[in-house]
Amino acid sequence: MSEDIKNECISTLTILGFTKLISPRDSKNISYTNDRIIYTFYGTHVRVKEAMNNCIYRVHYPSIEDTIHRQVRKYKFIATLYLYGFILGDPVLGERTIRLHTDIWIIHVGNRRTKIYNKITGKGVTTDYKNGLNYLKKRL
């Protein structure tokens, strides 16, 4: 079962532009990267390392496909924020959130949700990526 999921995930990553990392030692573990995320496939789980926030965590095979698609949405959202002029903030070691900001806005992008704060009013909202983008479009 996990071998089928593993092969399907690897084909999905390849379609998304991930490349296989060459291991310096003869290892059964396979790694794929796109310079922002590294997926390393082990026997029972996948280790995920995000370069933007220095976070490493484990995902078991039944939920890895959801994780891949969620991270694709997350990084598309972050790329859109860059287009709006947001700047990457300092990562917090061990946290999965990625912080971005402008002069007025602070955004914490998590794996499923995003928190958007207005520095001037002190008000904010927690929402998903799509609604968060709509929230910002109305206020920018």
For this session: With all protein chains present, calculate the accessible area of SER2 using a 1.4 Å probe and round the result to the nearest 10 Å².
Result: 40 Å²
For this session: Subtract the Cα-Cα distance of ARG73 and LEU140 from 0.36 nm times their separation in residues, and report this length gain in nm to one decimal.
Result: 22.0 nm
Exercise. For region 18-111, which GluC sites (Glu not before Pro) are both in a DSSP coil and crowded by at most 14 other Cβ atoms within 10 Å?
Worked result: GLU95
Seminar exercise, completed: Given unit charges at Cβ for Lys, Arg (+) and Asp, Glu (-), the dipole magnitude of the chain about its Cα centre in debye, nearest 20, is 560 debye
Exercise. Sorted by average packing, counted as other Cβ atoms within 10 angstrom per residue and highest first, what order do 110-116, 27-33 take?
Worked result: 110-116, 27-33
Exercise. Amide H to amide H, which residues 5 or more places from TYR42 or on other chains are under 5 Å from it, using H placed in the peptide plane?
Worked result: ARG47
For this session: Please calculate the 1.4 Å probe accessible area of CYS9, with all protein chains present, and give it to the nearest 10 Å².
Result: 0 Å²
Seminar exercise, completed: Checking THR121, THR97, THR40 against a Gaussian network model of the chain (alpha-carbon springs below 10 Å), the top fluctuating residue turns out to be THR121
Exercise. Given a 1.4 Å probe and the protein chains all in place, what does the accessible area of LYS130 round to, in Å² to the nearest 10?
Worked result: 150 Å²
Problem set entry | Among (i) 11.6; (ii) 8.0; (iii) 9.2, the entry that matches mean projected area of the Cα convex hull in nm² as calculated here | (iii)
Exercise. Counting only protein heavy atoms and using a 1.4 Å probe, what share of the accessible area of the chain belongs to carbon plus sulfur, as a whole percent?
Worked result: 52 percent
For this session: Return the distance in nm (one decimal) between the two label points of a simple spin-label model at ILE10 and THR127, each offset 7 Å from Cα along Cα→Cβ.
Result: 4.1 nm
Problem set entry | Leading residue at positive end of dipole, the chain (Cβ point charges), from HIS69, ILE5, THR40 | HIS69
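The values are calculated or read from the model by the stated rules, or taken from the named source; none is laboratory data. Every value quoted in this text rests on a predicted model; they were computed, and no experiment measured them. All Cβ positions, glycine included, derive from the backbone under ideal geometry; neighbour counts span all protein chains shown. In case anyone asks, the SASA skips ligands and DNA or RNA and just uses the protein heavy atoms, side chains included. Shrake-Rupley method; radii C 1.70, N 1.55, O 1.52, S 1.80 Å.
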